[in-house]
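Participant: My structure is below; once you've seen it, I'll send some questions.
The values are calculated or read from the model by the stated rules, or taken from the named source; none is laboratory data. Bear in mind the structure is a predicted one, so any value in this text is a computation, not a measurement. With ideal geometry, Cβ positions are generated from the backbone for all residues, glycine too; neighbour counts draw on all protein chains shown.
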Amino acid sequence: MLERHELEAFLTLAEELHFGRTAERLHVSTARISQTIAKLERRIGVPLFNRTSRRVEPTAVGRQLYGEVRPAWDRITTAFERAVDAGRGLTGVLRVAFVGAAGGQLLAGAAELFRGRHPECDVRLREAQMVDLMPWLRDGEIDIALGTLPIHEPGIVTGRVLVSEARMLAVPSRHPYARRESVRTEDLAGVKLLQLPDTLPDSLREDRTPRTTPAGRAIEPGPAAATFNEMLTLVGAGHGVFPVGAQARRYYARPDVVYVPFSDAPPLRWGLLWRADGATARVRAFVQAAHDLIAVP
């Protein structure tokens, strides 16, 4: 296997036909080029260049090797440069996913701010259902997503908390809890708790749909739902209750569902998610734009 510096020395000398100019192009000494070519020739077993005091020219083997290696090396170099551009550049397309109307409105604002800063990069927003978000992210269908936290998954990076909101309990409008001003987390032991899809991370499911109350009382699990609207439909039909964020009162007002605040539950937190191997300049710039948007008074 040839080393990169050996390839560069050979290809450059075959083009310059001069050790001094080759050394100048590669920013090394003439002696280094001479040593590299000699070592390469020993490994191959035949001379690659004929050397005289006046000229340097490739041998038949040298010309053949150059003709076969040069196009391949050009393709490798181009591919590497494209990878660098994708990682560091702010051109192309950034695919961003959200779940729910509030998330879409937030990311639309972040996308507008991002485009103003980086007009050469297009942002494409996609709505995802709960079951889609993590598979889309892992499969590379999207570059970044807005989701509820906590997310503890291998290969997935969680950004700083972007938004926090009060946690509420969605209950059927005819349920006794619907007449309360607030509920406590211990009250979950007296109801059936609807479940998140199995495709979501365990860390998120444990936070939103725990098996027991803080005091250790068992919580009866209800049926699972694949989408948020499906979840609210099950709530309205009396099949169970489900913890939601306060934004649900504004974006998902329904006659069959009442949202009751928790008096002792921690807030529901939202943040941006992306693959650890996909932290490109575009992703980092969008994360910054989203946080700058929230920081505007």
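Participant: Testing Glu165 on (1) in contact with a strand residue (DSSP E or B) (Cβ under 6 Å, 6 or more places away or on another chain); (2) among the charged types (D, E, K, R); (3) within 20 Å of Thr213 (Cα to Cα), one condition comes back false. Which one is that?
Facilitator: Every condition holds for Glu165 apart from (3).
Participant: List the strands (runs of 3 or more DSSP E) inside the stretch 208-297, counting only whole elements, that have at least 2 residues being charged (D, E, K, R).
Facilitator: On the way: elements: 220-224, 242-245, 257-261, 268-275.
Here the list reads 268-275.
Participant: Kindly indicate the residue of the stretch 184-199 that is assigned to a loop (DSSP other than H, G, I, E, B) and of a type in the set (D, E, K, R) and also nearest to Leu232 (Cα to Cα) among those meeting that condition. Please lay out each step first, then the result.
Facilitator: Quick first cut of the stretch 184-199, residues assigned to a loop (DSSP other than H, G, I, E, B) only: 184, 191, 196-199.
Okay, now just the ones that are also of a type in the set (D, E, K, R), so 184, 198.
Numbers: Arg184: 20, Asp198: 18 Å.
Among those that are assigned to a loop (DSSP other than H, G, I, E, B) and of a type in the set (D, E, K, R), it is Asp198.
Participant: Of the residues that make up the stretch 241-249, is at least one at pLDDT below 95 and in contact with a helix residue (DSSP H, G or I) (Cβ under 6 Å, 6 or more places away or on another chain)?
Facilitator: Scanning the stretch 241-249, I find no residue that is at pLDDT below 95 and in contact with a helix residue (DSSP H, G or I) (Cβ under 6 Å, 6 or more places away or on another chain), so the answer is no.
Participant: Continuing with this model, one more query. Among the residues of the stretch 91-132, how many are free of Cβ contacts under 8 Å to residues at least 60 places away in the same chain and either closer than 16 Å to Leu200 by Cα or touching a Cys at 6+ places or on another chain (Cβ under 8 Å) (or both)?
Facilitator: So the answer is 7.
Participant: Please go through (1) charged (D, E, K, R); (2) more than 25 Å from Phe98 (Cα to Cα); (3) surrounded by 14 or more Cβ atoms within 10 Å (Cβ to Cβ) for Arg167 and return the number of the only condition it doesn't satisfy.
Facilitator: (2)
Participant: Among the residues in the stretch 219-233, are any small (Gly, Ala, Ser) and over 24 Å from Leu146 (Cα atoms)?
Facilitator: So in the stretch 219-233, the residues small (Gly, Ala, Ser) come out as 222, 224-226.
From what's left, over 24 Å from Leu146 (Cα atoms): 222.
Within the stretch 219-233, one or more residues are small (Gly, Ala, Ser) and over 24 Å from Leu146 (Cα atoms).
Participant: Scan the stretch 9-42 residue by residue and report those that are touching a residue at least 12 places away in the same chain (Cβ under 8 Å) and of a type in the set (Gly, Ala, Ser).
Facilitator: Selection gives Ala9, Ala14, Ser34.
Participant: Against the definition (touching a Lys or Arg at 6+ places or on another chain (Cβ under 8 Å) and either over 19 Å from Ala289 (Cβ atoms) or modelled with pLDDT of 90 or more (or both)), how does Gly140 come out, yes or no?
Facilitator: Details: touching a Lys or Arg at 6+ places or on another chain (Cβ under 8 Å): yes; either over 19 Å from Ala289 (Cβ atoms) or modelled with pLDDT of 90 or more (or both): yes.
Considered against the rule, which asks whether it is touching a Lys or Arg at 6+ places or on another chain (Cβ under 8 Å) and either over 19 Å from Ala289 (Cβ atoms) or modelled with pLDDT of 90 or more (or both), Gly140 comes out as yes.
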